[in-house]
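What follows is one structure encoded as structure tokens, with my remarks underneath.
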Amino acid sequence: MRNPGKNIKMTVNSQTVCYNDEGPDDAPVIILIHGFPFNKSMWNTQVEALENNYRVVSYDIRGHGSSDAGKEEFSIELFVNDLLSIMDALKIEKAILCGLSMGGYIALNAIEHYPKRFSALILCDTNCIADTPEAKEKRMKAIESIKKNGVEKYADESISNLFAPESFSTMKEEIAYVREMIIKTSEQSICNTLHALSIRTETCDKLPDIKVPVLIMVGKKDKITPSSAAQLMHEKIIGSILHIIGHAGHLSNIENPYDFNKHLRKFVESVY
Ligand code: MLT
């Protein structure tokens, strides 16, 4: 029996997962996977835009939001395993999968290994490339700095890269909210996830095998996963749609929800 609502807790892979499950029972399912180091509430505007017509599931990745971290070493593969276990527990046979940044890394890995479980893919501000040696080095330095200076300093440094320049004057509330999400994430989870991101493998070679409809969106001023990364995925995924979102950096769903949701809705309507 389905238990719709917000901030529901269930045990998956021996640990507590917190999720939202909204929209009609018998509607097509869309699963939203957040970026790092945020939580499922980053999708609030998208849930609102979709929940009348779709069953929309968003969840806190382990160690983020209100989900337990567990004891295992974090990796994208572990996060994919959690995703599949969540789908099984919620009796979701097939879903449209939407991921932003780290959520996109999880989505790309999930469709590579479990193609039959997904009917479409939405890749937002993400990429298929693994970390370069320089990027890995940067993550190790970030871990050292967090251990020394704490999460607040890390949050302030991250914020400066996350948003488009204009957002700093027009989106003060949203930026404060994103900062809050970061500082609510534990130091240990941030460090463990930074390590997981640094050892993730590339998924670019597998992109031509994707046979479901794919929408790719990226903020025009995304400095973390730039539009060139989105363009590369677009070229490799046959038939994919690419939209560059204006007035947005890395968090295009928060910075320009109007354009983001317009493309999102049009795409999911075309799938079902
Ligand atoms: C994210 O938003 O999930 C992160 O920026 C991903 C990353 O650092 O590679």
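The values are calculated or read from the model by the stated rules, or taken from the named source; none is laboratory data. Model, not experiment: these values are computed from the prediction. Every residue, glycine among them, receives a Cβ derived from its backbone with ideal geometry; neighbour counts consider all protein chains shown. Accessible surface is based on the protein model in full, side chains and every heavy atom, while ligands, DNA and RNA are left aside. Shrake-Rupley method; radii C 1.70, N 1.55, O 1.52, S 1.80 Å.
Residues whose amide H falls under 5 Å from that of residue 36, counting only those 5 or more places apart or on a different chain, are 102, 103, with hydrogens built in the peptide plane.
Shape call for the range 177-267 from the C-alpha gyration tensor, a ≥ b ≥ c root eigenvalues: rounded (a/c under 1.5), prolate (a/b greater than b/c) or oblate? Judged from the Cα gyration tensor, the range 177-267 comes out oblate (a/c at least 1.5, b/c at or above a/b). For residue 118, nonlocal amide neighbours, meaning residues 5 or more places apart or on other chains whose placed amide H falls under 5 Å from its own, are 95. Just checking the listed ones, 77, 144, 202: in the Gaussian network model of the chain with Cα springs under 10 Å, the one fluctuating most is 144.
Find me the longest stretch of the chain that has none of the exposed trypsin sites (Lys or Arg not before Pro), where exposed means in a DSSP loop (not H, G, I, E or B) with at most 14 other Cβ atoms within 10 Å. The longest uninterrupted stretch comes out as 95-210.
Largest GNM mean-square fluctuation among 181, 102, 140, using the chain with Cα springs under 10 Å: 140. Remark: the range 1-50 carries 41 Å² of accessible area per residue (probe radius 1.4 Å; ligands, DNA and RNA excluded).
To put it simply, the accessible area of the range 215-272 at a 1.4 Å probe is 55 percent carbon and sulfur. Given a 1.4 Å probe and the protein chains as shown, residue 247 ends up with an accessible area of around 120 Å². Taken one residue at a time, the phi angles of the range 255-272 give Karplus couplings (6.51, -1.76, 1.60, θ = phi - 60°) of 7, 9, x, 4, 5, 4, 5, 4, 5, 4, 5, 4, 5, 5, 5, 6, 7, 10 Hz. Gly and Pro are set to x.
The accessible surface of the range 67-108, taken with every protein chain in place and a 1.4 Å probe, is 46 percent carbon and sulfur.
Scalar couplings 3J(HN,Hα) for the range 160-168, obtained by applying the Karplus form with A = 6.51, B = -1.76, C = 1.60 to θ = phi - 60°, are 5, 9, 7, 10, 5, x, 5, 5, 5 Hz; x denotes Gly and Pro. Here the translational diffusion coefficient of the chain follows from Stokes-Einstein with Rh set to the Kirkwood radius across Cα pairs; for 25 °C and 0.890 mPa s it amounts to 133 µm²/s. So which cysteines of the chain have no other cysteine's Cβ under 4.7 Å from theirs? Among the cysteines of the chain, those whose Cβ sits 4.7 Å or more from every other are 18, 98, 124, 191. Given +1 at the Cβ of Lys and Arg, -1 at the Cβ of Asp and Glu and no other charges, the dipole of the range 1-93 around its Cα centre is 200 debye to the nearest 20. Here's the list of aspartates and glutamates a cross-link from residue 141 could span, going by alpha-carbon distance under 15 Å and ignoring same-chain residues fewer than 8 apart: 131, 157, 187. Neighbours of residue 167, meaning other residues whose beta-carbon lies under 10 angstrom from its beta-carbon, give a summed charge of -1 when Lys and Arg score +1 and Asp and Glu score -1.
About the centre of its Cα atoms, the chain shows a dipole size close to 80 debye [charges on the beta carbon of Lys, Arg (+1) and Asp, Glu (-1) only; nearest 20 debye]. Considering only 60, 205, 68, the Gaussian network model of the chain with Cα springs below 10 Å gives its largest mean-square fluctuation to 205.
Size estimate for the range 77-204 follows the Kirkwood approach: the inverse of mean 1/r over distinct Cα pairs works out to 16.3 Å. How much accessible area per residue does the range 172-272 have, in Å², with a 1.4 Å probe? So the range 172-272 comes to 49 Å² accessible per residue, rounded to a whole number. Taking the inverse of the mean 1/r over every pair of distinct Cα atoms in the range 1-116 gives a Kirkwood hydrodynamic radius of 14.0 Å. With the convex hull drawn around the C-alpha atoms of the range 131-190, the volume per residue stands at 84 Å³. Given +1 at the Cβ of Lys and Arg, -1 at the Cβ of Asp and Glu and no other charges, the dipole of the range 162-258 around its Cα centre is 80 debye to the nearest 20. At what distance in angstrom do the alpha carbon centres of the range 75-145 and the range 238-271 lie from each other? What the calculation gives is 18 Å, centre to centre.
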